[in-house]
1. It is to be established whether one or more residues within region 229-237 are open to solvent by less than 10 Å² (accessible area, probe 1.4 Å), β-branched (Val, Ile, Thr), at pLDDT below 95 and closer than 24 Å to Ala410 by Cβ.
2. With the requirement that a residue be part of a loop (DSSP other than H, G, I, E, B) and basic (Lys, Arg), what does region 45-73 give you?
3. Scan region 33-44 for residues that are assigned to a loop (DSSP other than H, G, I, E, B) and open to solvent by 60 Å² or more (accessible area, probe 1.4 Å) and report the count.
4. Does Gly213 satisfy the criteria of being more than 16 Å from the chain's Cα centre (by Cα) and open to solvent by 10 Å² or more (accessible area, probe 1.4 Å)?
5. Going residue by residue through region 167-177, is there one that turns out to be open to solvent by 10 Å² or more (accessible area, probe 1.4 Å), modelled with pLDDT of 95 or more and among the polar types (S, T, N, Q)?
6. Restricting attention to region 187-209, does a residue exist that is closer than 28 Å to Lys43 by Cβ and either open to solvent by less than 10 Å² (accessible area, probe 1.4 Å) or of a type in the set (Gly, Ala, Ser) (or both)?
7. Output the residues belonging to region 119-141 that are in contact with a helix residue (DSSP H, G or I) (Cβ under 6 Å, 6 or more places away or on another chain) and open to solvent by 20 Å² or more (accessible area, probe 1.4 Å).
Amino acid sequence: MEIALIILGVIFGVIILLFAVMAIRAVSLKPHKSKDAVFAPDKSDRAKSYGERLSKMIQKETVSDRFDSDRTKFYEFHKTLEDLFPLVHKNLTKNVFDGSLLFKWKGKNDKKPIMLMSHHDVVQAKGDWKYPSFSGHIDEDGRVWGRGTVDTKGSLFCIFQAVEELLSEGYTPETDVYIASSCTEEWSGGGGPAIASYLKENNVQLELLLDEGGMILEEPIKGVKGIYAMVGVVEKGYGDIKFIARGKGGHASAPPKNTPLVRLGKFMAYAEKHDPFKAKLTPTVTEMFKRIAPNMSFPLRLVFANLWITKPLLAKLLPSISPAAGAMTKTTLAFTKASGSEGLNVLPQEAYVTGNMRFIHHQPNEESIKIVSDMAKKFDIDTEIIYQDKPCPIVNYKSSAFALIEKVSADIYPDVLVSPYVMTGGTDCKFYSEVSRNSIRFAPLYIDPQQYGTIHGLNENVYSGALPKCVDFYKEVIKAEK
């Protein structure tokens, strides 16, 4: 009995000591100044002018559709760019690929060229908007309203404006600078591949490609206070999968068991309850948590400051705690579309649902698709791949390219903390792996929580007062020694 009590005492003592160590580590993390950072929109005439110019770009409707090959609207938008940025069009070489744009600004050498990229097509803007969706309305707070303000004509404006201003100053870049803008990004169309093929054919190897992705955000993960520059260095793969259930059909008045729609329903419910994908805290995700942990509340800091012991448990629990953070750790499957019988009283001979998958690097396309296919077979459901892209090469957050973005961010946004992160969405960067050493997904434009929630949704808008710093960011990237 005494030995048992001694053993229990030792175990209890170790637990107390372990908790004390964890608490000390959590307390020792001093909050970063970004925790108390407050965005103050620029109210200058410069900001006002930028807003008015961006408004003209928003007023040009550029909704893209994979089933519409007419590029007229995009060429009309190009004319707007010519009017807004005359020096760019006078001094840079321009190539057009069926509505997608590539500009080249000849530098003093071509050894380490860079490319700034942001697409000009947008998604549909249906629904009841506060202001008409392509009005470019500017309100009393200086917000420019309309589809594309955030995704991604806002950053595209800032890229062109940065180059326009540098040209007006007589500046010549040290290396070649490219500007790319696809009109097919929203549906992974041919614009990006065409531009990438052109660069490859001309033996262009980009030292840095800077595209859309992360932005300057408040509370990027719930419970993390402050403003952050979330720099995307990982882009997951993409897949659209069709799950097909077949049956004999017939009249709905005497239905048999396990008809196609019922089997599909059971399969979807099972897949949601029994997530088959392996969550893993990769080096990028681990580094992200290390950087943002100081600005967490104490209970969260206790967990994230001690990943050396909490990592295995956190990997399992994170997807259920935060869907956004969880999506950075594993492959995801979301059911998006369904079809059954065309008659209200007819059993379908064939029904299907589609699943949108985002493949993580440690469980890429083939493995993840096999997992869900095997699961579907248990419900007598076949699997068909509609479309897929593989995960993109990972950019090392210790690389010189990331360090450059980090330095410029610190110069332009001194109160903002910079963190690498995993993109859960997709970009045109996926087409440039063969011509880009470092494809970084980051648009240096501040957006608040309301604006973040409007991407592909209602009432998309951006502050005119956020545009000047974004312009200055791109100017510093261009002028930085490569």
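1. Taking every residue of region 229-237 in turn, none turns out to be open to solvent by less than 10 Å² (accessible area, probe 1.4 Å), β-branched (Val, Ile, Thr), at pLDDT below 95 and closer than 24 Å to Ala410 by Cβ.
2. Across region 45-73, the qualifying residues are Lys60, Arg66, Arg71.
3. Pass one, region 33-44, residues assigned to a loop (DSSP other than H, G, I, E, B): 37-44.
Pick out the ones that are also open to solvent by 60 Å² or more (accessible area, probe 1.4 Å) and you get 38, 40, 43.
So the answer is 3.
4. Considered against the rule, which asks whether it is more than 16 Å from the chain's Cα centre (by Cα) and open to solvent by 10 Å² or more (accessible area, probe 1.4 Å), Gly213 comes out as no.
5. Pass one, region 167-177, residues open to solvent by 10 Å² or more (accessible area, probe 1.4 Å): 167-172, 174.
This time we only want the ones that are modelled with pLDDT of 95 or more, so: 167-172, 174.
Retained after the next criterion (residues that are among the polar types (S, T, N, Q)): 168, 172.
Among the residues of region 167-177, at least one is open to solvent by 10 Å² or more (accessible area, probe 1.4 Å), modelled with pLDDT of 95 or more and among the polar types (S, T, N, Q), which makes the answer yes.
6. The answer is no; no qualifying residue exists.
7. The answer is Val123, Ile138.
Yes/no per residue for (1) within 23 Å of Phe267 (Cβ to Cβ); (2) in a loop (DSSP other than H, G, I, E, B):
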site	(1), (2)
Lys311	no, no
Pro319	yes, no
Lys330	yes, yes
Thr336	yes, no
Tyr352	yes, no
Arg358	yes, no
Ile369	yes, no
Asp374	yes, no
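The values are calculated or read from the model by the stated rules, or taken from the named source; none is laboratory data. A quick note: this is a predicted structure, and the numbers were derived from the prediction, not measured. We place every Cβ from the backbone using ideal geometry, glycine too, and count neighbours over all the protein chains shown. The protein model used for the area step is the full one, side chains on, heavy atoms only, and it has no ligands, DNA or RNA in it. Shrake-Rupley method; radii C 1.70, N 1.55, O 1.52, S 1.80 Å.
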